[in-house]
1. Just to confirm, what accessible area per residue do you get for the chain at 1.4 Å probe, in whole Å²?
2. Carbon and sulfur together cover what percent of the accessible area of the range 243-402 at a 1.4 Å probe radius?
3. Any idea how far the Cα center of the range 282-324 sits from the one of the range 382-424, in Å?
4. In whole angstrom, how long is each semi-axis of the equivalent ellipsoid of the range 10-118, when you take the square root of 5 times every eigenvalue of its Cα gyration tensor and sort them from largest down?
5. Expressed as a rounded percentage, what relative contact order does the chain have, with Cα pairs under 8 Å and six or more residues apart?
6. Most fluctuating residue of A388, A58, A273 in a GNM of the chain with Cα springs under 10 Å: which is it?
7. If you average the alpha carbon positions of the range 89-110 and of the range 178-208, how far apart do those two centres end up, in angstrom?
8. Output the relative contact order of the range 18-157, whole-number percent, from Cα pairs under 8 angstrom with separation of 6+ residues.
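The values are calculated or read from the model by the stated rules, or taken from the named source; none is laboratory data. Because the structure is predicted, anything quoted here is derived from the model rather than measured. With ideal geometry, Cβ positions are generated from the backbone for all residues, glycine too; neighbour counts draw on all protein chains shown. These accessible areas exclude ligands, DNA and RNA; they are computed on the full protein's heavy atoms, side chains included. Shrake-Rupley method; radii C 1.70, N 1.55, O 1.52, S 1.80 Å.
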Amino acid sequence: MSAAFAVARWGLMLLALAALVKTAPAHVGAALCLPAALVALIRRGRGSLDAIDGLVLAILLWSILRFGMQRTGVGDSALIDPAGSLMDWIFPLLFLPFAALLGDDPRRRIGLLWLLMLSGFLLGTLGFLIRKGPAVLWEGERLGFHLDRPLGIGLYAGTFLVLLIATWPLWARRNGSWRWPILGLGLVGIVFLGQMLISAQNRSTFLALVAALATAGALALWLGRSEAPRRRGSVVATLALAGLLAALTLANGAVIGKRLAAEHKVVATIDQAGLDAAPASSISARLHLWRFAVTRFPDAPLLGHGFGSLVEVIETGLRPQADLPAGERYDHLHNTYLQLLWSQGLIGFALWAALLTALLWKLVLASRHDTRLRALLPGVVGAMVFIAVWATFDYRLNHVDTRMFTLMCLLGLRALGTPPNAVT
């Protein structure tokens, strides 16, 4: 099996490298990983199972049960492609067997995988800029190298940006001959990722970045409250980074202002006359979708309405009563949490919430005995806040375009919460 495990680990690296660029090679990587990963998971035995294992199994069983009920007529009959939607929801659960491939030092390996993710993302960006020309960053065209669509670009750029900024003491204070090159690359990376986030033109990422950096900063101050000398140095560095981001924002003031003001009239109309009086726009469409989901929630609070695309549900149940943009067909609710409630009800929502809580709790417990991991907490928590805000306003995190990213995030939390030399 040693050869199979070697192939699986190379497959995991391929998955990480391609996860944010193209899904086809990422799926090949996942296929190479799966057989050996399942064997490693089975070898762990019953005695080493923890709450996370149990919750993943519970989510998997519940999803299959809910899909089976839908096949017998318990659900909305207008939902399209339930099987494909089921796969979207359970695919990120592969993080559990894949964690068994990380070996005796899962934190070091997950660091390598995330560096590969960042490398693949930057390669995809460079390919896009070579094809379109660098000026596209400032010409108002939304970035779209991933599957030739803008979906997810702002999410990925923002997550890496928050991680780089919040973990700067770990890479900026390195000793040795590589210190200055690493510092220079880090600063260039911050500027480049910040420009990508702005050029992606997702208003949700602007809000998410503010919330994430505020959370990461507050947590960093709280964790470092007993280190006054280092805290003074941190204040200077933080001010320098803030100045760098402020300069980047001013340089892109026209693009940001135009994007933020794009639907000012719509917002003003909603505020003054209500949602039903507002003209069709991306903002009013989201509000209509959310209100529709909330009003339909009592129809199936525990079980949800089932898996599948909502195109026909929205076309027949919402469009006749709401002014939605012409030509747009909505297959989801533009809100990960409402989408989860819609498909799997309170049962599914509670299971997924419990899984995320368990992963975070394991991470916090592990950080109590590991100073380096504790230094990573502001970045990890800040990145999660960024993702959480994005998921409130944009696409669902288990969308076919973003589910690789979701899988890698869950794998990262699992690895960071597992001490070195422990059985994953």
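1. 46 Å²
2. 65 percent
3. 26 Å
4. Equivalent ellipsoid semi-axes, largest first: 29, 20, 10 Å.
5. Relative contact order of the chain: 28 percent.
6. A273
7. If we compute the Cα centre of each part, the gap is 27 Å.
8. In percent, rounded to a whole number, it is 37.
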